[in-house]
Amino acid sequence: MTELQLPTYDIIIFGASGFTGKYVVREALKFLNSPNSPLKTLALAGRNSNKLTESLKWASGSKTHPTIPLIIADTSDPSSLRRMASQTKLVLNCVGPYRKYGDPVVNACVEVGCDYLDICGEPEFMERMEAVYFEKAVEKGSLVVSACGFDSVPAEFGLMFNSRQWVEPAVPNRVEAYLNLESDKRIVGNFGTFESAVLGVANVHKLAELRRSRPKRSRPNIPGPGPVKGSTIEHQEELGLWAMKLPSADAIVVRRTFSTLTENPRGLQGVNEDPKQAEKRAAFWSTIKPAHFGVKIATKSLLSVFGFIAIGLSIGLLGSFAFGRWLLLKFPSIFTFGGFRKKGPTEEEVASATFKMWFVGYGFSDAKLASQEGAKPDTEIITRVMGPEIGYLTTPIILIQCALIVLKQRQDLPKGGVLTPGIVFGPFDLQDRLQENGISFDLISEK
């Protein structure tokens, strides 16, 4: 940002009239000019001013909505994106799939040196942005952080919360997360999430190519044996759940955080960091112990697991060729048994849904035991993260709390770069903020 052109707005929400965008606007309005909030000025951006006005009316819950500037910006018009980015400290990008629409927005933010957060759960997009923009983002002082929604903050911060329960000399070896979605109505997912999954299958070779083309990242030293390949379907008796592997971005984002932490054991230095914050940062990361990590989708009914498998197979098979993708995206409700539909969930369906994410950690009561031949974990710690519906309630809560930290403590955050939420926000009060806004972290058992 040049000295002559100071940003007009603290935050611009881009894609504010979309399904998720309007819920993000609603969440942001709670903190606009509220006591102790750093959010003083807000603007909404998108392609259509009428739709932005409708979104603002809906989000404010009244006919007399607050006067908030509307900015016309379109991913197909780079100059409109640069104009938008030059008017703000921070862009919240709610326009997905990010594989199709994300790159020009990141490019604009990096070019003008403003910060960028999104709610992406697409590994190939996130890793490509890191490959293409990391160095320039550092140079320009632009902090680019993807996955600041349900993908992947509950997984990252849930894992770190579990990790902090392992008090020396105890160490974790692996943590399995079990995601259980509940509702007394039908659970309906975001169509954008479904489209991202379909496009992810279509482009899986691109992610493999990208990884082959890049230098190998550092890997943390995890005490004890490597992860074992389990069966396709698992019965988690303690939790009373049936589960299968969930091909989400969570484990990939966690791995990237642990790689950065292995290269920077005290975390990442803030651009103009307060010495107390530097101490706090180093102390926080000294309590985080890496572990093998996986995520599973879990349900009380074995029949539901077979439903998940059927959906996964249909996306996997049809998503690999053009006509199959057309069918999936044209008729999502048919291929997901109503789990995804183009119109998205009703407000009642959103309000009735909740999630529980259980973290079952296996490890050793003493790190010395882990180095013994044939060592098997002798300790188990179970923690849990729970909160409201994942796509439209939990995701906006997380995104706005991350944004408030950026506004309030920018000098304590890294100068710039393309980074994960865990490594950026770990040493700050994000967990406390989430707890204050309806997402709880609990220690369940230790034995």
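FYI, it's all coordinate maths here, none of it is from the lab. In this text the structure is predicted, and so the values were computed from the model without any measurement. Positions of Cβ are generated from backbone atoms using ideal geometry, with glycine treated the same way; all protein chains shown enter the neighbour counts.
For the chain, count all C-alpha to C-alpha pairs, find those more than 31 Å apart, and express that count as a whole percent of the total. The answer is 40 percent, as a whole percent.
Across region 240-254, the residues whose backbone nitrogen lies under 18 Å from the label position 7 Å along the beta-carbon direction of Ser320 are 247.
Its DSSP H runs of at least 4 residues, each contributing -39,500 (n - 2.57), put the calculated 222 nm mean residue ellipticity of the chain at -12500 deg cm²/dmol, to the nearest 500.
Explain nothing, just the number: dipole magnitude of the chain about its Cα centre with +1 on each Lys and Arg Cβ and -1 on each Asp and Glu Cβ, in debye rounded to the nearest 20.
Dipole of the chain, to the nearest 20 debye: 880 debye.
Between Ser76 and Ser440, take the C-beta separation as r, use R0 = 41 Å, and let me know the FRET efficiency to the nearest 0.05.
About 0.50, to the nearest 0.05.
If R0 is 22 Å, the Cβ-Cβ spacing of Ser333 and Leu302 corresponds to a FRET efficiency of close to 0.40.
Would you please classify the overall shape of region 244-306 from the alpha carbon gyration tensor, given that a ≥ b ≥ c denote the square roots of the eigenvalues, rounded means a/c under 1.5, and beyond that prolate means a/b larger than b/c while oblate covers the rest?
Since a/c reaches 1.5 and a/b is larger than b/c, the shape of region 244-306 is classed as prolate.
Computed over neighbours whose Cβ is under 15 Å from that of Asp74, the net charge equals +3, Lys and Arg +1, Asp and Glu -1. Cβ-to-Cβ counts within 10 Å put Ile297, Ile390 in ascending order as Ile297, Ile390, the fewest first.
With the convex hull of the Cα atoms taken as the outline of region 118-171, the averaged projected area works out to 5.1 nm². Each of Leu443, Leu179 has some number of other Cβ atoms within 10 Å of its Cβ, and from fewest to most they run Leu443, Leu179. Tally Lys/Arg at +1 and Asp/Glu at -1 over every other residue whose Cβ is under 14 Å from the Cβ of Leu241; what's the total? It works out to a net charge of 0. Length, then width, then depth: along the principal axes, the Cα atoms of region 1-152 run 45, 35, 31 Å.
Filter the GluC sites (Glu not before Pro) in region 47-146 down to the DSSP loop ones having no more than 16 other Cβ atoms within 10 Å, then list what survives. Taking region 47-146 and a limit of 16 other Cβ atoms within 10 Å, no loop GluC sites (Glu not before Pro) are found. For region 111-269, what class follows from the C-alpha gyration tensor (a ≥ b ≥ c being the square roots of its eigenvalues): rounded when a/c is under 1.5, otherwise prolate if a/b is larger than b/c, else oblate? It comes out oblate by the Cα gyration axes. With a Förster radius of 22 Å applied to the beta-carbon distance between Arg164 and Glu263, the computed FRET efficiency rounds to 0.55. Per-residue Karplus couplings for region 224-232, computed as 6.51 cos²θ - 1.76 cosθ + 1.60 with θ equal to phi - 60°, are listed in order as x, x, x, x, 9, 7, x, 6, 4 Hz, Gly and Pro entered as x.
Taking 0.36 nm per residue of separation and subtracting the Cα-Cα distance, full extension of the segment from Glu54 to Ala310 would add 88.4 nm.
Amide H contacts under 5 Å for Ile71: Leu44, Ala45, Gly46, restricted to partners 5 or more places along the chain or on a different chain, H placed in the peptide plane at 1.01 Å from N.
The reciprocal of the average 1/r between distinct C-alpha atoms defines the Kirkwood hydrodynamic radius, which for region 14-74 equals 11.5 Å.
Sequentially through region 265-271, phi angles give Karplus couplings (6.51, -1.76, 1.60; θ = phi - 60°) of x, 9, x, 9, 5, x, 4 Hz, Gly and Pro residues having no value and appearing as x.
Based only on other Cβ atoms within 10 Å, what is the fewest-to-most ordering of Thr193, Thr287, Thr354, Thr41? Going from sparsest to densest Cβ surroundings: Thr287, Thr41, Thr354, Thr193. For the chain, relative contact order (Cα pairs under 8 Å, six or more residues apart, normalised by length) works out to 22 percent.
Averaging sequence separations of C-alpha pairs under 8 Å and six or more residues apart, then dividing by the length of region 273-349, give the relative contact order as a whole percent.
Working: 23 pairs, mean separation 10.0, N = 77.
In percent, rounded to a whole number, it is 13.
For region 191-288, trypsin sites (Lys or Arg not before Pro) are listed when DSSP marks them as loop and at most 12 other Cβ atoms sit within 10 Å of their Cβ; the list is Lys216, Lys229. Taking the alpha carbon gyration tensor of region 317-415, multiplying each eigenvalue by 5 and rooting it gives semi-axes of 37, 26, 17 Å, largest first.
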